[in-house]
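Written below as structure tokens is the structure these notes are about.
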Amino acid sequence: MAASIPSLTLLVGKLGELPVGAVVTVNPTGLAPISVFHTEEGLFAIDDTCTHQDASLADGWVEGCTVECPLHESCFDLRTGAASGPPAKRAVRTHRVEVRGDDIVLTPSTDS
Ligand code: FES
């Protein structure tokens with residue numbers, strides 16, 4: 001039986017400090033950078049690095065629940081991580097993010 005790995009939760013910040021349209025990037029120890037986007041549809045967390053090359057998606061453009069990579073313009077669905085088209089072919093990993101009181105709490109996924 002595989003040992004269960006306790007999930008790590010991180011305090012990203014206060015909801016009042018991340019208005020709609022804002023994004024914040026965190027660097028959990030041992031994991032790739034994760035960006036939390038506050039959209040009209042709510043909060044979404046994805047791996048910050050584009051799956052095509054080494055671009056920060058936090059530097060991209062957000063429209064609805066989509067972020068466009070600033071380097072070669074592939075788009076990613078913030079809800080699922082799915083890439084809409086080339087040059088990126090792979091989805092970015094998504095992570096659980098929730099609001100507890102006024103705290104934004106991130107639970108990074110370790111799924112590959
Ligand atoms: S680095 Fe993101 S599409 Fe190329």
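The values are calculated or read from the model by the stated rules, or taken from the named source; none is laboratory data. Everything numeric here is computed off the predicted structure, so don't read it as measured data. Glycine also receives a Cβ, built like all others from the backbone with ideal geometry; neighbour counts cover every protein chain displayed. Heavy atoms of the whole protein, side chains included, go into the accessibility calculation; ligands, DNA and RNA do not. Shrake-Rupley method; radii C 1.70, N 1.55, O 1.52, S 1.80 Å.
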Members of region 33-47 that are free of Cβ contacts under 8 Å to residues at least 40 places away in the same chain and either of a type in the set (Asp, Glu) or away from the ligand (no atom under 14 Å from the Cβ) (or both):
Pro33, His38, Thr39, Glu40, Glu41, Gly42
Given the criteria within 16 Å of the ligand (Cβ to nearest atom) and within 14 Å of the chain's Cα centre (by Cα), does Cys50 qualify?
yes
Restricting attention to region 84-112, which residues are under 15 Å from the mean Cα position of the chain (by Cα), closer than 25 Å to Glu17 by Cα and among the basic types (Lys, Arg)?
Arg93, Arg96
State whether the residues of region 33-53 include one that is out of contact with any strand residue (DSSP E or B) (no Cβ under 6 Å at 6 or more places or on another chain) and aliphatic (A, V, I, L, M).
no
Is it the case that some residue within region 73-86 is assigned to a strand (DSSP E or B), over 19 Å from Ile104 (Cβ atoms) and touching a helix residue (DSSP H, G or I) at 6+ places or on another chain (Cβ under 9 Å)?
yes
Scan of region 63-74 for residues that are under 15 Å from Thr94 (Cβ atoms) and either open to solvent by 30 Å² or more (accessible area, probe 1.4 Å) or within 8 Å of the ligand (Cβ to nearest atom) (or both), ordered by number
Thr66
